[in-house]
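The block underneath contains the structure these notes are about, expressed in structure tokens.
The values are calculated or read from the model by the stated rules, or taken from the named source; none is laboratory data. In this text the structure is predicted, and so the values were computed from the model without any measurement. With ideal geometry, Cβ positions are generated from the backbone for all residues, glycine too; neighbour counts draw on all protein chains shown. Just so you know, the surface numbers come from the protein's heavy atoms only, side chains and all, with ligands and any DNA or RNA stripped out. Shrake-Rupley method; radii C 1.70, N 1.55, O 1.52, S 1.80 Å.
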Amino acid sequence: MDEEKRQSQSGRSHAALLLLAIMALLLFYVLSSGPALWLVVNARLPAALWNVAYWPLTFARDVIPGFHEYFQWYLNLWV
């Protein structure tokens, strides 16, 4: 019985760590859009690189109410 309980707790902790890692990756993805835009503008990289890499954020900007203002504010910090 103790072995089953330990395995159950271990499985839950692994699931929680996986969820935390996914959330951290999503946060870092969103935060990386600003520095990436700065590189496109200042290093004169093709804008298509940014458009392809961050199209999910562009889509979210167009679909999620209120996201556009916050996202544009964040991008304006970098350019």
For the range 37-79, shape from the Cα gyration tensor axes a ≥ b ≥ c, cut at a/c of 1.5 then a/b versus b/c, turns out oblate
Taking only DSSP H segments of four or more residues, each worth -39500 (n - 2.57), what value at 222 nm results for the chain once the sum is divided by all its residues, to the nearest 500 deg cm²/dmol? -29500 deg cm²/dmol
Two-site label geometry, Leu20 and Val79: point separation in nm, points 7 Å out along Cα→Cβ: 3.6
Computed over the chain, protein heavy atoms only, probe 1.4 angstrom, the accessible area per residue in square angstrom equals 80
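Given contacts defined as C-alpha pairs under 8 Å and at least six residues apart, what's the relative contact order of the chain, whole-number percent?
On the way: 27 pairs, mean separation 24.0, N = 79.
Value for the chain: 30 percent.
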Heavy-atom accessible area of the range 15-79 with neighbours in place, 1.4 angstrom probe: carbon+sulfur share in percent works out to 78
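So if I place +1 on the C-beta of Lys and Arg and -1 on the C-beta of Asp and Glu, and nothing else carries charge, what would the dipole magnitude of the chain be about its Cα centre? I want it in debye, nearest 20.
Computed about the Cα centre, the dipole is about 180 debye.
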Determine, at each q value in 0.10, 0.11, 0.20, 0.24 (inverse angstroms), the log₁₀ of I(q)/I(0) that the Debye formula gives when each Cα of the chain is one equal point scatterer. -0.39, -0.45, -0.90, -1.13
